[in-house]
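Asks: What follows is a structure written as structure tokens; I'll ask about it next.
Coordinate-derived values only; no laboratory data. This structure is a prediction, so every number in the text was calculated from the model and none was measured. No Cβ is skipped: glycine too gets one built from the backbone with ideal geometry, and neighbour counts run over all protein chains shown.
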Amino acid sequence: WLCGMAEQLKPEYLELPYCISFSLPSAKCGAVIGRGGETKNEVQRVTGAEVAITKKDPHEAPDAHRTITIMGPLLAVYAAHMLLMRHYNDEEAQFEAAMHRAPPPDDR
């Protein structure tokens, strides 16, 4: 359906610069950054969008959030957002699965 919506736009609108920002829990941002920035860099390479992630504050609270900003042509921006969310949700699913497999803590 996304492609169908894009086809309804004037082609020149698709090439204009766009920017979206969203936030994720700081403790979970590793999923969208990847080891050594590899996930972020791969998303940028594949989509052509620019991805910027605010730095972690060393004094941040446990519930702190970081802002992710994606800039570029419209479809590149939304493609990058979808790819980043896939990485985030895949890691969350792996975390949840591991939590269900982990033995209960020893209450001695």
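Asks: Rounded to the nearest 20 Debye, what is the dipole magnitude of the chain about its Cα centre when Lys and Arg each give +1 and Asp and Glu each give -1 at the C-beta?
Replies: Numbers: 11 positive and 15 negative charges, 35 e Å.
Dipole size: approximately 160 debye.
Asks: I would also like to ask the following. Determine by what factor the alpha-carbon radius of gyration of the chain differs from 2.2 N^0.38 Å, reporting the quotient. Working shown, then result.
Replies: Numbers: Rg = 17.3 Å, N = 108, 2.2 N^0.38 = 13.0 Å.
Expressed relative to 2.2 N^0.38 Å, the Cα Rg reads 1.33.
Asks: Tally Lys and Arg at +1 and Asp and Glu at -1 over the other residues with C-beta under 15 Å from the C-beta of residue 86: what net charge comes out? Intermediate results must be reported in sequence, preceding the final value.
Replies: Details: positive: 28, 40; negative: 38, 42, 90, 91, 92.
With Lys, Arg at +1 and Asp, Glu at -1, the neighbours total -3.
Asks: Can you compute the FRET efficiency between residue 45 and residue 89 using 1/(1 + (r/R0)^6), with r the Cβ-Cβ distance and R0 = 30 Å? Round to the nearest 0.05.
Replies: On the way: r = 21 Å, r/R0 = 0.69.
Efficiency for this residue pair is about 0.90.
Asks: Helix 74-101 sits at what angle to the longest principal axis of the chain, using alpha carbons and giving 0 to 90 degrees rounded to 10?
Replies: For helix 74-101, the angle is close to 20 degrees.
Asks: Next up: Over the chain, what is the relative contact order in percent, taking alpha-carbon pairs closer than 8 angstrom and at least six residues apart? Could you put the intermediate results ahead of the total?
Replies: Working: 118 pairs, mean separation 36.0, N = 108.
The value is 33 percent.
Asks: Assign unit charges at the C-beta atoms only (+1 for Lys and Arg, -1 for Asp and Glu), then state the dipole size of the stretch 1-49 relative to its Cα centre in Debye, rounded to the nearest 20. Intermediate results must be reported in sequence, preceding the final value.
Replies: Working: 5 positive and 5 negative charges, 57 e Å.
That gives the stretch 1-49 a dipole magnitude of about 280 debye.
Asks: Summing -39500 (n - 2.57) over the DSSP H runs of n ≥ 4 in the chain and dividing by its residue number, what mean residue ellipticity at 222 nm do you reach, to the nearest 500 deg cm²/dmol?
Replies: On the way: 5 runs with 52 residues, N = 108.
Computed mean residue ellipticity for the chain: -14500 deg cm²/dmol.
Asks: Identify, among 83, 24, 73, the residue whose Cα sits farthest towards the positive end of the charge dipole of the stretch 14-108, taking +1 on the Cβ of Lys and Arg and -1 on the Cβ of Asp and Glu, with the dipole about the Cα centre.
Replies: With unit charges placed on the Cβ atoms, the residue in question is 73.
Asks: How large is ³J(HN,Hα) for each residue in the stretch 53-63, as worked out from phi by the Karplus curve 6.51 cos²θ - 1.76 cosθ + 1.60 (θ = phi - 60°), to whole Hz, x for Gly and Pro?
Replies: Along the stretch 53-63, the couplings run 10, 4, 6, 6, 7, x, 10, 6, 6, x, 9 Hz.
Asks: While we're here: Would you please give the residues with an amide H less than 5 Å from that of residue 56, counting only those at least 5 places away or on a separate chain, with H modeled from the backbone geometry?
Replies: Those qualifying (amide H under 5 Å, at least 5 residues apart or on another chain) number zero.
Asks: Please check: in the Gaussian network model of the chain (C-alpha springs, under 10 Å), which one of 84, 16, 74 has the largest mean-square fluctuation.
Replies: Answer for the Gaussian network model of the chain: 16.
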